[in-house]
Amino acid sequence: MPSVLIVAGSDSSCGAGLSADLEVVRIMGCQPLLAVSAITAQTDRKFLSSQPVDSLVFKDQLEAAWDHSGGHVSAVKIGMLPNESIVEILTEFLQQKHCLNIVLDPLLNSTSGGHLADESSVSKRSRILFPLATLVTPNIPEACSLTGLSCFTKQDLHALASAIMDLGSAAVLVKGGHLTGRDCVDYLLKKGEVKGQEFCHERLPITSSRGTGCRLASAISARLALGDDLSQAVDHARSYLFTHIEKQRSS
């Protein structure tokens with residue numbers, strides 16, 4: 001069974017972050033390994049507090065997860081990176097272990113209203129971690145913040161993806177859920193491509209999108225670990241996510 005290393009913050013309500021990642025990786029048929037980056041206290045409606053994990057403890061978690069896998073980590077899913085030290089430790093680890101299939105969800109704020117990364121960590125993440133990523137998966141507000149660009153229609157997605165590619169990642173999936181319209185459109189751009197690939201699905205009415213980004217990135221990571229190419233992994237992951245949303249709506 002392929003192993004997926006999850007780097008993420010905890011969520012006391014289990015709606016997003018580590019809890020969602022664990023569930024998805026297991027559903028996909030992979031073995032999760034964990035390195036907790038921060039402890040958060042939040043609900044669907046409010047964000048109370050957040051505390052980064054001690055740097056030494058975080059480093060030890062990475063090493064313990066690697067040892068437990070016997071050095072066979074098939075993919076890495078990266079979520080909350082609260083400070084510069086965590087970013088530096090993770091980057092060094094990924095380089096030393098020559099990790100592949102790295103999916104980075106560049107979180108800035110939680111849906112419940114909390115800040116998930118300080119300014120110095122966001123800057124350092126872009127400089128030293130993006131170049132190691134197989135795929136970066138920003139939503140539109142995150143992509144606009146990272147690039148300084150605006151996005152109002154799906155025609156703007158290519159410019160956003162291209163600008164993030166310039167930061168060094170091998171591929172970018174800009175999640176278009178914040179746009180309006182009948183369909184939800186995500187845009188995948190890979191290095192060397194002139195034109196990207198659109199993934200469309202009829203927009204589903206939901207009361208909260210909290211945790212959907214975590215689930216999508218985790219599902220992509222797991223599908224890459226199972227041997228999918230990037231386009232296949234995104235397609236399978238999106239199918240899982242929309243099925244999950246449908247089940248949540250009917251429950």
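Just so you know, all these numbers are worked out from the coordinates, no wet-lab data involved. Values in this document were obtained by computation on a predicted structure and should not be read as measured data. Reconstructed Cβ throughout: ideal geometry from the backbone, glycine too, with neighbour counts over all protein chains shown.
Brief remarks on what is shown
- Separation of the alpha carbons by more than 22 angstrom is noted, of 46/247; 124/195; 77/247; 77/175, for 46/247; 124/195; 77/247.
- Proxy reagent accessibility, fewest Cβ within 10 Å first, across 186, 54: 54, 186
- Shape metrics for the chain, restricted to C-alpha atoms - Rg then Dmax, Å: 16.6, 47
- Exposure proxy for 185, 103: other Cβ atoms within 10 Å of each Cβ, ordered fewest to most, give 185, 103.
- Between residue 69 and residue 191, the FRET efficiency from the beta-carbon distance, with R0 = 35 Å, is close to 0.80.
- For the chain, the antiparallel share of DSSP beta bridges with both residues in that region comes to about 45%.
- Available extension along the chain between residue 158 and residue 95 is 19.7 nm, counting 0.36 nm per residue and deducting the alpha carbon span.
- Helix-only CD estimate at 222 nm, as mean residue ellipticity for the chain, using -39500 (n - 2.57) per DSSP H run (n ≥ 4): -12000 deg cm²/dmol
- Check: segment 3-250 dipole with +1 on Lys, Arg Cβ and -1 on Asp, Glu Cβ, in debye: 500
- Extending 7 Å from the Cα toward the beta-carbon at both residue 150 and residue 108 defines two label points whose distance is 1.5 nm.
- The ranking of 164, 128 from fewest to most other beta carbons within 10 Å of each one's beta carbon is 128, 164.
- Shown for segment 134-199 is the translational diffusion coefficient from the Stokes-Einstein equation, using the Kirkwood radius over Cα pairs, a temperature of 10 °C and a viscosity of 1.306 mPa s: 139 µm²/s.
- Spin-label model, residue 120 to residue 46: label points 7 Å out along the Cα-to-beta-carbon direction sit 3.0 nm apart.
- Among 215, 127, 182, the residue with the largest mean-square fluctuation in a Gaussian network model of the chain, with springs joining Cα atoms closer than 10 Å, is 182.
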